[in-house]
Structures are given as structure tokens and as C-alpha cells.
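First comes the structure, then the notes that go with it.
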């Protein structure tokens, strides 16, 4: 008996959206950042702009529940998104699923008090 690792049409659509975003938005921005020397105000402006675009495209916080502004994906789906995001240096950061924040968000979501969630989790989810 073999295991079927194929993605459902819905997950394949998400994977393709992330891949396209990495290729069309993040990689060109990375080239501009590198060309400009990789530091300074322009780098920050590019990075924040990409995060806003990812949020608007609905590919933000793949690991978090929808009520926290995320996509509500499970572990397998998150691994798929992270594999696509990792094709780029800034990808995981742009989608707000980078270590250590991704794990910290899970810890806070499940074990923090409401006050701690307001103070720590909410800003992490907002980027």
C-alpha cells in the first residue's frame, strides 16, 4: 500500500499562488535590494511593501487560524507553503511564517493568557 502525497486542487491552487508571488514579487524585489546594497531605508520599504501585498493577496500567516488573520492551514499545508516560500531568502518573512515567530505564535495561541495574546500575539500576527 502506498501513500498518496498528491495535493488536492484547493491546496495546489494555494501552492501555485505562493509560487507565483515568490517569482513575480519577492524575487524581483530581492534583486533590487541586492543591487542597492542590501541595507537601508529602501530595503525596509521593499520588505514592508511585500508584506502588505502578501496580506492583500490572502497568503499571509498560513499557520494561524482565520480569526487571527491567517489562512488556517494545517501542518502539511504549512510545509507546502514554507517549501515554496523558502525558494527565496525573504519569502518566509514576507508571508509571516518564519522561525522563530511561527513557533512562538503557536505557543502564544495555545497557552498565553488573553492579556499576553493582546500584548504579544496580536503584534506578531499583524506583522
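In segment 26-52, which residue that is in contact with a helix residue (DSSP H, G or I) (Cβ under 6 Å, 6 or more places away or on another chain) and modelled with pLDDT of 90 or more is nearest to residue 124 (Cα to Cα)?
Filtering segment 26-52 down to residues in contact with a helix residue (DSSP H, G or I) (Cβ under 6 Å, 6 or more places away or on another chain) leaves 26, 29, 33, 36, 43, 46, 50-51.
In the following step, the residues that additionally are modelled with pLDDT of 90 or more were identified as 26, 29, 33, 43, 46, 50-51.
Working: 26: 21, 29: 23, 33: 24, 43: 20, 46: 19, 50: 16, 51: 13 Å.
My answer is 51.
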- Inspect segment 68-80 for any residue being farther than 18 Å from residue 123 by Cα and in contact (Cβ under 8 Å) with a residue 60 or more places away in the chain and give the result as yes or no. yes
- Residue count, segment 94-126 (criterion: assigned to a helix (DSSP H, G or I) and in contact (Cβ under 8 Å) with a residue 60 or more places away in the chain): 2
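Scan segment 45-69 for residues that are part of a loop (DSSP other than H, G, I, E, B) and surrounded by fewer than 19 Cβ atoms within 10 Å (Cβ to Cβ) and report the count. Explain how you work it out, then say what you get.
Filtering segment 45-69 for residues part of a loop (DSSP other than H, G, I, E, B) gives 57-65, 69.
Still in the running and surrounded by fewer than 19 Cβ atoms within 10 Å (Cβ to Cβ): 57-58, 65, 69.
So the count comes out to 4.
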- Test for residue 101: is it at pLDDT below 95, within 16 Å of the chain's Cα centre (by Cα) and surrounded by 11 or more Cβ atoms within 10 Å (Cβ to Cβ): yes
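The values are calculated or read from the model by the stated rules, or taken from the named source; none is laboratory data. Computed from a predicted structure; not experimentally measured. Every residue, glycine as well, gets a Cβ built from its backbone with ideal geometry; the counts of neighbours run over all protein chains shown.
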